1. Have a look at A:38, A:11, A:31 and point out the one that is over 13 Å from the mean Cα position of the chain (by Cα) and under 14 Å from residue A:82 (Cβ atoms).
2. Which residue out of C:69, C:47 is out of contact with any helix residue (DSSP H, G or I) (no Cβ under 9 Å at 6 or more places or on another chain), free of Cβ contacts under 8 Å to residues at least 60 places away in the same chain, closer than 30 Å to residue C:241 by Cβ and surrounded by 16 or more Cβ atoms within 10 Å (Cβ to Cβ)?
3. Restricting region B:173-193 to residues that are within 8 Å of chain A (Cβ to nearest Cβ) and in contact (Cβ under 8 Å) with a residue 40 or more places away in the chain, which is surrounded by the most Cβ atoms within 10 Å (Cβ to Cβ)?
4. For residues in region C:89-114 being surrounded by fewer than 21 Cβ atoms within 10 Å (Cβ to Cβ) and more than 10 Å from every other protein chain (Cβ to nearest Cβ), which is farthest from the chain's Cα centre (by Cα)?
5. Go through the residues of region C:425-433 one by one and say whether even a single one is surrounded by 20 or more Cβ atoms within 10 Å (Cβ to Cβ) and either farther than 21 Å from residue C:354 by Cβ or not assigned by TED's automatic domain parsing to the domain that holds residue C:402 (or both).
6. Residue pairs, Cβ under 8 Å, 6 or more apart or interchain, first in region A:258-275 and at positive phi, second in a strand (DSSP E or B). List them.
7. Working carefully through the options C:331, C:311, find the one that is within 19 Å of residue C:286 (Cα to Cα), part of a strand (DSSP E or B) and more than 10 Å from chain B (Cβ to nearest Cβ).
8. Considering only residues that are closer than 20 Å to residue A:232 by Cβ and more than 11 Å from chain B (Cβ to nearest Cβ), which ones fall in region A:78-101?
């Protein structure tokens, strides 16, 4: 085991790459849960984003069209969850779970029907990397950030945007009020349901962007179930980051670093003992449980998170 | 029939508040049956859109599941873990807990059973089998009890804990089987453990002459026994009464001297025991070892099984049979009709979705009827 | 949803304060039904501009429902609302706010993690999409100065006491330019000092030309600050009075509609044997602040000790401590000489403690259970319900359920009925049947008749007196002073976590109790 394997530029660059899909899902979770809707369908939104991004890229040969399509389908899936959670007052866990199963079944089904057993086309339009020429020559820093994908930067920009939106704008204030105390929000004339719809739909778009990143920036293909639970790690990052965009970024980076390490330490050993790298991958989940249990800081969700809101008097 | 890990909401992390869906939502089988019919109709639309004949596809699905004695035994083999995992979800539900972790409880039960079965492979069956059984049930119970404890003592929403536990077990298994203590040198194509001892293997219960090549094993008796135990426990013992009381009215139970915190831990442990038994049966009855990708998402399908079966013993058995038939029939349908077996995931998702919307609407309207007048005029 | 948003009819300055009889608001024939319950049955309410109007009635009279209709939170089944001499349709709070109607809710509609200023402006932030904390705090400060209401605009609501939170509610309403302010039970959660401060604010508001509706059932407040009074009883009008020309007794008669039935209560004096002996009891509230600060009292066999006090002065915590539901921080609780202060509910119940909790739907009963199942709650592991404590005997449970249902007059007397489907009175009978059927030594009773009709109330009272006659010690917590005075042998008054006085029922006049409950210990002595 070497220092390079622990904090080399390669590991840090990989950390950013690996953190990005987690971050986008986590941002989706922040927006949705701050408005009071638990959206565990983020995993499914990612998956449809990944798949329909590939389909659109294949059909249109345009990255822009592909990303728009991916986010539109993610928004659509999230909208179904929104109807269930907000209008039908379904159990949000069951509904989200049903949509995850649906997303997995649907994408696998369509993948089989569209592309059979040969896999998705190899000449897909991919999301480009952003080369920062002046930095490329800088040692270390250049290796870490000079060749990152456009969506990595987009994710970082979204952290700032959403942080400002939530805590420095009027619509953000209203969204937080809806998630904390929807009755209070309603009594001052804020449209609770409408706010929640937009928040859930936005969360689906963010997660779908994360999915499209996986298929169009990283893998350049689609395989069944390729999101591999990143939507859930995103939720973990949201919780660990205490329902704030900046916190989610920090958590995503920690989780991404854990995964990057498990790659870089593959086959490494300390003395005679091989490093159990797979156990590093449990880091996000263990940390999240500890955080929620209050052993590592205290993580408290918005007060009305996950509770269907029932308007009075429409009995 | 695979599915993805699910979930994470978070109630206020204070006292162990329990959720409501344990109420007797719908009476009779009308809603579950309607949801399945509706889901099949949605599935048919997908088949149609992809240029196939839905009737033919469903006929293939049915034939694949029940077309021959052999098919029926294969369907039953799929059904067994679904029944047990379904009970694991239902016990928790009845206590007001949402156990998303049946998958990891099943896996850890399988790992424990596989480890004991391989480590003590030379022991005779009458010693080894009870050991393997206890290992599977105990491991599942202990693992699930962690989620119960965190809920009871620290107010941690069990949905979060059990989701996280699902992933933790997956990675721990990777380690155990790829380069950890359970890794067997010359196993299958996928990382796997050494085989368990012959004494722990569940026998095939149908003679080869009757149904050639059948794999149906004695685990089916354990599954049936578990359904009876589930019923007896919940409706014929004080503990079961207490669990149901906690599930339906935790504060009323608390003031009557039934401490919800201990009951939450016990309920999760029982749930984990059922799921661990499922894993143990898959090891001793079907695979005779543990390997990476051991469960095809039984623990997630179990949530649909429990909800579709309304958390009742018979309902769970029937729902598990339905999903078992989907799992078995789906692969035959894919081979014969060229319709992806993933269709059954779509159907399952729609079933869940309909039930989720329906039952909660019912619970809420019932609750509103009950509560509104008092609040309104107070 | 915004209906036709009516222009706010601007009144000319001359019609404001002091001018005679300008009806600002006229509600006519308002009906509202919830399920089987006719909460409002053709109620009228007329409020004149510039007055403080009391809307009084007992619990369940329909006061809050009527105001929720006015504020657009409930939609009436029929009836008309005229505001500033125009017919209006109020389909939601937005409409009400647009008309100039504001509501100070009993349960504050505040978002705890937000600041005072953010809460005040929420929904009507003005000044573009960017949130400028300093600007809104300035605006709120200006408002505070105008109406002489002080609260730090930058403080988080979750960090300030309830009395100040209520001011935030008032500021919210004033910020929206409301002319008609509805106060829903505003003093329920306040300390006496806070009540005085609130009334000072209320009078200032009237001087500023606002019109106020005060929902309350406390006659002292009605007499102290209001101009006119509308009395509701059972969802109907029961009187319109002018405060200066009426007396508390007259209002009370209108509210109750009859004299309280004289209970043939204390035929026998309490016995000498002390059942419950509490010394130096201290406990914390859910929030971790001291809720009980050293409580001493005892109850004898065959004695009812009433606990009077404004809600939130430690009564609930005391009941919970006696049952073992709340941790005792210091002191002892002895039942027949044995200290139970460290016991959990299972053990305290085994010592003969029974409990009729405040909220029967949440704490008293498992609503989804059958009557028979709810009767055995807490006894499920004992014979005859569980043979050997291992296996339940459904037949025995059903039989016992049927017997108790008849004995306690549960209607229908069907042990298989789901408790949720019973009326409130019958639900309470199920609780009584469970709690009283095993000859308890101590019965802790909290708000036993809340929300019940008269017949059920009398039934509950008779059952409690029967237990007294059989030698039980009873601790009765109630917010209904009449109930306490009618049933109790002695009355202890709780104030801020202490028992400030224990009176003989005979000497406990309403006035004396009222003064003690408000913390005026010397004046009442």
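The values are calculated or read from the model by the stated rules, or taken from the named source; none is laboratory data. Just so you know, these numbers come straight off a predicted model, no measurement behind them. So basically every Cβ, Gly included, is an ideal-geometry build from the backbone, and we count neighbours across all protein chains shown.
1. Of A:38, A:11, A:31, the one residue that is over 13 Å from the mean Cα position of the chain (by Cα) and under 14 Å from residue A:82 (Cβ atoms) is A:38.
2. After applying the criteria, what remains is C:69.
3. B:174
4. C:89
5. No, there is no match, as no residue in region C:425-433 is surrounded by 20 or more Cβ atoms within 10 Å (Cβ to Cβ) and either farther than 21 Å from residue C:354 by Cβ or not assigned by TED's automatic domain parsing to the domain that holds residue C:402 (or both).
6. Hits for this filter: A:267/A:274.
7. Unique residue meeting the criteria: C:331.
8. A:78, A:82
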